[in-house]
Amino acid sequence: MKKRHVKTLGLFFLKLLGTILFLWWALSSIDDKEALGRNFKLALRSPWWVVAGICLAFVSLLANALRWFFLLRAQSIHEPFGYILRLTLYGAFFNIASVGGAAGDAAKIVLLMRRVPDKKVGVTMSVMVDHIIGFISSGIIFLVFTWGFGTMDKVEDVAGRGTFVAATWFQAGGIVGIILSAFSCTPWMLSWGRKHLPRLTNNRWVDSITKVLDLYRTGWKHAFFALLASFALSASFYLTFFAGLRALDQPVSAVSIMSVMPIVDVVSALPISISGLGVRERTFDFLVGKLTGIPTAAAVAASLIGFLFTVFWGIVGGLVIIMAGSFTKKGAEK
């Protein structure tokens with residue numbers, strides 16, 4: 001077995017172990033072990049909220065495709081939106097079928113590079129900027145709803161307040177860092193760097209990457225529309241978990257969810273479990289519990305239900321892949 005395969009297998013088992021440990025931690029915190037099952041049955045008796053959650057997950061997927069579509073336009077990659085949506089569905093499938101979200105990005109990059117082989121750097125950078133803009137929209141939503149809608153006033157626990165304050169520094173600092181990084185890619189900053197930091201800036205990779213990134217400054221309209229799509233993406237994704245809570249008849253406000261989910265999203269993205277399972281549920285339970293005091297069984301169930309709404313469209317993406325493969329085969333036979 002090759003060293004690369006051993007490394008991949010080892011990473012998978014580490015994430016599998018992390019998933020088991022975090023899920024055990026989340027489930028073991030439930031006092032009434034039968035409550036989780038009752039909550040899932042209760043959700044099935046709330047079909048309208050289940051449908052709402054699935055629809056919100058689709059809006060999130062649609063906005064994801066739209067955000068990437070505009071970012072590709074800034075790179076002069078003019079692929080039809082239908083094709084970009086199909087690649088986004090493929091990515092959703094690989095995100096749930098693999099050990100992490102990187103597989104979905106890799107699938108989209110590889111497939112699009114085959115279609116536009118002369119734009120490899122632009123395709124790769126568009127996916128990177130896609131995540132950066134996602135961080136910005138998520139951070140702004142967190143700051144607005146946490147500090148503008150009185151969320152902090154609801155948290156009386158010291159640990160809870162400390163978590164929200166730390167997240168504020170992380171989100172605000174990250175946004176400032178991104179703005180400064182974007183400014184460093186401008187022609188005048190690069191010109192200054194070539195004079196004062198020649199060893200760092202006189203590099204063909206630095207030159208190539210910064211030129212591609214600067215296209216988002218010159219094509220700012222595309223970047224702006226991508227940011228608007230990103231707000232729609234983040235908001236609809238977070239509200240799928242609100243739908244999960246409402247399906248369980250939990251009186252949690254949408255404002256609370258919009259404050260909690262940006263933190264949950266960041267923590268569950270850490271490469272310590274498969275698709276954030278266990279980590280998401282434990283973090284969601286901790287933060288929602290601090291804000292609302294709902295039972296742990298309800299919080300864990302709502303988190304799993306919200307995740308399943310997203311999984312639904314990942315499965316649809318897998319079916320689209322199978323159908324596309326069958327169509328290709330039929331075409332070849334003809």
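In the range 107-134, which residues are farther than 15 Å from Tyr83 by Cβ and open to solvent by 50 Å² or more (accessible area, probe 1.4 Å)?
Across the range 107-134, the qualifying residues are Pro117, Asp118, Lys120, Val121, Thr124, Met128, His131, Ile132.
Determine which member of the set Phe183, Phe170, Phe135 is in contact (Cβ under 8 Å) with a residue 60 or more places away in the chain, in a helix (DSSP H, G or I) and among the hydrophobic types (A, V, I, L, M, F, W, C). So that I can check it myself, show each step before the final result.
Working: Phe183 fails: in contact (Cβ under 8 Å) with a residue 60 or more places away in the chain; Phe135 fails: in contact (Cβ under 8 Å) with a residue 60 or more places away in the chain.
Answer to the selection: Phe170.
Listed residues Ile263, Ile272; which is open to solvent by 40 Å² or more (accessible area, probe 1.4 Å), in contact (Cβ under 8 Å) with a residue 40 or more places away in the chain, more than 23 Å from Leu42 (Cβ to Cβ) and among the β-branched types (Val, Ile, Thr)?
On the way: Ile263 fails: open to solvent by 40 Å² or more (accessible area, probe 1.4 Å).
Answer to the check: Ile272.
With the requirement that a residue be surrounded by 13 or more Cβ atoms within 10 Å (Cβ to Cβ) and of a type in the set (Phe, Trp, Tyr), what does the range 9-41 give you?
Residues satisfying the conditions are Phe12, Phe22, Trp25, Phe40.
Failed condition for Asp265, given (1) under 14 Å from the mean Cα position of the chain (by Cα); (2) of a type in the set (Asp, Glu); (3) on the phi > 0 side of the Ramachandran plot, with all others met?
Among (1) under 14 Å from the mean Cα position of the chain (by Cα); (2) of a type in the set (Asp, Glu); (3) on the phi > 0 side of the Ramachandran plot, the lone unmet condition for Asp265 is (3).
Would you check if there is a residue in the range 42-53 being under 17 Å from the mean Cα position of the chain (by Cα), in a helix (DSSP H, G or I), surrounded by 22 or more Cβ atoms within 10 Å (Cβ to Cβ) and at pLDDT 90 or above?
yes
Could you please find all residues in the range 77-88 being part of a loop (DSSP other than H, G, I, E, B) and either over 11 Å from Leu215 (Cβ atoms) or open to solvent by 70 Å² or more (accessible area, probe 1.4 Å) (or both)?
His78, Glu79, Pro80
Conditions first: (1) modelled with pLDDT of 80 or more; (2) open to solvent by less than 70 Å² (accessible area, probe 1.4 Å); (3) under 18 Å from the mean Cα position of the chain (by Cα). Lys290 passes all but one, so which condition is the exception?
(3)
Checking the condition at pLDDT below 90 and either under 16 Å from the mean Cα position of the chain (by Cα) or closer than 26 Å to Lys108 by Cβ (or both), which residue from Met258, Met323 passes?
Only one candidate qualifies: Met323.
The values are calculated or read from the model by the stated rules, or taken from the named source; none is laboratory data. Here the structure is a predicted model, which is why all the values come from computation and not from measurement. All Cβ positions, glycine included, derive from the backbone under ideal geometry; neighbour counts span all protein chains shown. Note: accessible area is taken over every heavy atom of the protein model, side chains too, but ligands, DNA and RNA are not part of it. Shrake-Rupley method; radii C 1.70, N 1.55, O 1.52, S 1.80 Å.
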